[in-house]
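Asks: Provided herewith is a single structure, encoded as structure tokens, for subsequent inquiry.
The values are calculated or read from the model by the stated rules, or taken from the named source; none is laboratory data. Being a predicted model, the structure only gives us computed values, none of them experimental. Neighbour counts are summed over all protein chains in view; Cβ atoms, including those assigned to glycine, are modelled from backbone coordinates with ideal geometry.
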Amino acid sequence: MTVYEVITTRIVELLQQGTIPWRKPWSAEAGEPRNLVSGKGYRGVNVFLLSAMPFASPYWLTYRQATERGGSVRKGSKGCPVVFWRWSNGDEEQAENGQAGDPAKRRAPLLRYYTVFNVEQCDGIAAPATVARTFEAIPECERIVRSMPNAPRIEHGGSQAFYRPSTDTITTPSAQLFDSPALYYSTLFHELTHSTGHESRLARKGITDSSMFGSHEYSREELIAEMGAAFISGTAGIEAATLQDSTAYLASWIKVLKGDSRLVITAAAAAQKAADFILGRQHAEERQQEAA
């Protein structure tokens with residue numbers, strides 16, 4: 001069996017054991033999002049709202065808090081809403097709606113929100129120093145990344161990992177933010193697999209066409225990317241540290257595509273073609289055919 005076949009078999013076996021929770025193998029520089037002034041961590045849906053923003057720093061503050069600390073929010077910066085519940089009596093709630101107060105009505109929870117900005121969007125604001133995490137590169141993984149033919153540009157920063165076809169660029173959080181070097185490379189291999197769908201490479205539907213989140217083509221492309229990452233991780237010798245994580249991601253998209261009996265086979269074939277491109281095997285075969 002080839003490495004690809006071994007990895008595919010293990011993926012299928014793990015998927016048959018049940019769905020594993022979604023994974024995000026990196027974290028912010030200093031933990032979950034929190035207010036810079038109060039030091040308190042945000043709770044509930046606010047954690048998801050703020051974590052989804054493209055910033056590495058976990059510190060947030062309002063426009064007023066920034067100015068009170070002698071700083072400023074950069075012009076054109078887009079803030080993020082933070083929601084909270086405030087208890088109010090019935091008279092106040094009705095007054096807001098232009099109605100007369102009802103003495104019989106008592107305290108009730110009202111949903112409110114305010115806007116916060118990340119310290120990376122501010123000038124003149126000092127955030128607490130963070131402890132730098134070390135990162136030890138894996139030589140074989142580095143070789144694979146450097147040797148990819150017609151590779152996209154790779155940029156590091158923020159708190160999200162994604163491939164943007166319009167600019168043919170990959171963005172990923174700094175390597176030091178990942179839970180392990182293996183998970184950093186696995187994530188990078190995932191985005192590199194996406195990039196093989198670019199029209200200048202394999203021109204794969206799902207990348208060349210704009211696919212809406214949750215659509216069949218979008219979901220299939222995510223499966224291809226994660227299986228491609230698993231194949232390349234197997235080639236690099238880091239699959240033992242990443243396969244369980246990959247299976248969690250795959251399982252979430254399998255649920256979206258439930259009923260497609262050919263899904264794993266077709267996605268695996270496309271992922272193998274993408275992995276071959278990244279590893280330079282497709283180009284090697286083309287050169288051999290030209291020489292013959």
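Asks: Examine segment 55-64 for a residue that is closer than 26 Å to Ser174 by Cβ and modelled with pLDDT under 80, and state whether such a residue exists. I'd like the intermediate steps shown before the answer.
Replies: As a first pass, look at segment 55-64 and keep what is closer than 26 Å to Ser174 by Cβ: 55-61.
From the residues that got through so far, the ones that are modelled with pLDDT under 80 too are 56.
Among the residues of segment 55-64, at least one is closer than 26 Å to Ser174 by Cβ and modelled with pLDDT under 80, which makes the answer yes.
Asks: All but one of (1) within 21 Å of Thr235 (Cα to Cα); (2) surrounded by fewer than 12 Cβ atoms within 10 Å (Cβ to Cβ); (3) not basic (Lys, Arg) hold for Glu142; state the number of the condition that does not hold.
Replies: Unmet condition: (2).
Asks: Given (1) at pLDDT 65 or above; (2) outside any helix (DSSP H, G or I), identify the lone condition not met by Val47.
Replies: Of (1) at pLDDT 65 or above; (2) outside any helix (DSSP H, G or I), only one is false for Val47: (2).
Asks: Residues in segment 187-209 that are touching a Phe, Trp or Tyr at 6+ places or on another chain (Cβ under 9 Å) and small (Gly, Ala, Ser): how many? Break it down stepwise before answering.
Replies: Just the residues of segment 187-209 that are touching a Phe, Trp or Tyr at 6+ places or on another chain (Cβ under 9 Å), to begin with: 187, 189-198, 201-202, 206-207.
Of the ones still in play, those that are also small (Gly, Ala, Ser) are 195, 197, 206.
Qualifying residue count for the region: 3.
Asks: A follow-up question, please. What pairs come up if the first residue lies in segment 73-96 and is in a strand (DSSP E or B), the second is modelled with pLDDT under 65, and their beta carbons are under 7 Å apart, counting only those six or more places apart or on different chains?
Replies: Between residues of segment 73-96 that are in a strand (DSSP E or B) and residues that are modelled with pLDDT under 65, the close pairs are Trp87/Arg107; Ser88/Arg107.
Asks: Residues that are modelled with pLDDT of 90 or more, buried (at least 23 other Cβ atoms within 10 Å of the Cβ) and farther than 28 Å from Ala56 by Cβ: does segment 196-205 have at least one?
Replies: Among the residues of segment 196-205, not one is modelled with pLDDT of 90 or more, buried (at least 23 other Cβ atoms within 10 Å of the Cβ) and farther than 28 Å from Ala56 by Cβ, which makes the answer no.
Asks: Given the options Ser72, Ser38, name the one that is out of contact with any strand residue (DSSP E or B) (no Cβ under 6 Å at 6 or more places or on another chain) and either assigned by TED's automatic domain parsing to the domain that holds Tyr114 or at pLDDT below 70 (or both).
Replies: On the way: Ser72 fails: out of contact with any strand residue (DSSP E or B) (no Cβ under 6 Å at 6 or more places or on another chain).
On inspection, the qualifying residue turns out to be Ser38.
Asks: Continuing with the same structure: The conditions are (1) touching a Pro at 6+ places or on another chain (Cβ under 8 Å); (2) modelled with pLDDT under 75; (3) of a type outside the set (Lys, Arg); (4) surrounded by 18 or more Cβ atoms within 10 Å (Cβ to Cβ), and Tyr249 fails exactly one of them. Which is it?
Replies: Looking at each condition in turn, Tyr249 falls short on (1).
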